[in-house]
Structure formats: structure tokens, C-alpha cells
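Shown next, in C-alpha cells, is the structure this report addresses.
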Amino acid sequence: MVNTPVLLLAYNRLDTLEEVWAVLRAVRPRYLFASADGPKPNPTDRERTQAVRNFIQSQIDWPCDAYFNFPPENAGCKLGVANGISWFFSHVEAGIILEDDMLPHPSFFQYMEEMLERYKDDERIGIISGAQFYPNHPLLASGWDFTRMTFIEGWGTWRRVWAKYQVHPSDWELFRKQKFLRKRLVGIEPYISYLEVLMDGVMQGRLDTWDAQLSFMILREGLLNVVPQQNLIRNLGVGHPLATHVRKKGFRPYLPLQRWRGGEGPLGMQPNIPYERLFMFSSGFWGKVRNRLLYYQYAWGLKRVLPDEP
């Protein structure tokens, strides 16, 4: 049984939710919080969102304390998710956050519990991430490592961290104008450029998302994020017909879903800069080439990584 509170974020995708739910049923979280955004004003969406809510409330067949946040109207990706997480941390000090299209390996929960306990009083740590896009890479420390970049495919944090989050950061324009992040975070400039595009879209009302603001807050506060050596999350939402942002399939849905093997973290409390640089060519021509090669390697079984494990 998982003793750390778990927040399940859902909306209108019953098919991916059913796969994620099968793992939740297997690990039996003692405290389950479910937050599902309301329907858009059309009959199809009302039917889909109600089916998701009915499923969640009717399928809890293990002993647990269950709490539900089901608003009547659609708030959108940005406010729907952010409000759900804020509701969660109004009740708990620390927790695991899982969206309805993020399929975890059962050992993901053991990893999350261990890391949330290990770093609960360490204010240098921002979030614990469960995804690993380069499984078992030799640049990674045994067990887990640190990065300044934020990955939210299955993650967890503490109330003290989320309290610093803002949907519309009041200091973004100042940071943007003074190029603070570029000056402070040498080595991941392309990531900063990518984040600037996202944040500008959010602040100008062109992009309905919540996670860019989390990434900005982590960087602004100078926090580190924990990433595992194995990949503990498979993203079922990439390429899904009901996906909000990412509808084109890449290599991520084909990443191996692995068992966390434990191990030791890095010797020092610092970001793994060589590992971070693996992500620096995520856009442009060479980024497209790299991502296409990874797609063929994973989707066609050519990548030499540990296989899927029970």
C-alpha cells in the first residue's frame, strides 16, 4: 500500500485513465485525491467528463480515504490543473501527482515515497520526477540524479514548494527584460529560450498551460529536480486524439517502462550539466533528426535498453 497521498488529475479520456487506474488498484494508495476539470459547453464533452467521474467514484475497491474535486464548468488546462494541485496541497504536506495519461510502473510509487522522504527538509530540491528520456544513460548517477530542467510526467513535491507557484507570475516581465535566467543559468540557454517562448505565450493569453510557470518558478528559486536512472512513466497522451497540446507522436510513448532499481544518488548537490546538454538540441533541424532517430530506435525495438519489466 502507498502511504503518500496521490493526486489523480483527469478530464475526459477514459481509455488512458483505465490503464493508469489498473496500476493504482495494484498499489492501493491509502489517500487518493481526484481532481477532474468540468465539461466544455457541448453534449459530447459533458458525456465524456461524466463518464470519467463516474468511473473514478465507482472503481475504488480497496480501503482508502478518497476525496473528489469535480468543478461544474471547464476551467481549461491552465486553471483546471493548477487549481486541482492547489486544492491537493491545501490538504496535504507532500504528495504524488499523476495525470490520467501517465502510466506508472508500480515501483514508481516506491521511488517517489523514498525521494519525498529523503528531501522533505532540503529546500534546495524542487520536485521529484518519474520520467527518464535517456534510460540507464552512462552520464546518470546510480539511482537518481539532479537537473535544473523540470519534467512533469509523473512527479511529486511538497506544499512548501507549490506555495511559490503562480499561474501568472508577477515578476516574469522583469526577469525577461533583465535576461536574469540567461545570466544565471549558463549551460542550458536553449532550454531558457524554449521556456521564454512558452511563458510569453502564457502571459499574452495565447497558450493555455500550467507547467511552464512551474519550470520558471523552479529556475527563479534556484531549485534542483530529482530524476531517476530508469524510466518509471510512459506517456499515453502523446498523439492521443483528445490531447490538448501534443498531438504528434514522437519517441516518448515507446520508452521502456522500467522497474526502479534503487542505488545511490550523486556525490554532490549540483545539476548534472553533461546530462542536461543531452536536451539542448530539442528543436531545429538537428533536434528533429535526433528525435526521429530515437523514435525508430524505441518504436522498432532497436534501442539497447533494459526491457519492460513486471
Ordering 119-131, 185-197 by per-residue average of other C-beta atoms within 10 angstrom, highest first, gives 119-131, 185-197
Residue ranges of DSSP H helices in the chain that stretch 15 Å or more (Cα, own long axis) and have mean Kyte-Doolittle hydropathy of at least 0.0 are 14-27, 76-89, 189-203
Relative to the compact-globule estimate 2.2 N^0.38 Å (N residues), the Cα gyration radius of the chain stands at a ratio of 0.96
From the Cα centre of the range 1-45 to that of the range 198-239, the distance in Å is 20 Å
Per GNM of the chain with C-alpha springs under 10 angstrom, the most fluctuating residue out of Trp260, Trp162, Trp62 is Trp62
Final fewest-first order of Met199, Met217 on the 10 Å Cβ neighbour count is Met217, Met199
Summing -39500 (n - 2.57) over every DSSP H run of at least 4 in the chain, dividing by its residue total and rounding to the nearest 500, the 222 nm mean residue ellipticity is -11500 deg cm²/dmol
Computed D for the range 1-145, Stokes-Einstein, Kirkwood radius over alpha-carbon pairs, 4 °C, 1.567 mPa s, to the nearest µm² per second, is 80 µm²/s
As straight-line cross-link partners of Lys177, the qualifying aspartates and glutamates (C-alpha separation under 16 Å, not fewer than 8 residues apart within one chain) are Glu189, Glu196, Asp200
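Bear in mind these aren't lab numbers, they're just calculated from the coordinates by the rules spelled out. Bear in mind that the values here come from a model prediction, so they are computed numbers and not experimental data. No Cβ is skipped: glycine too gets one built from the backbone with ideal geometry, and neighbour counts run over all protein chains shown.
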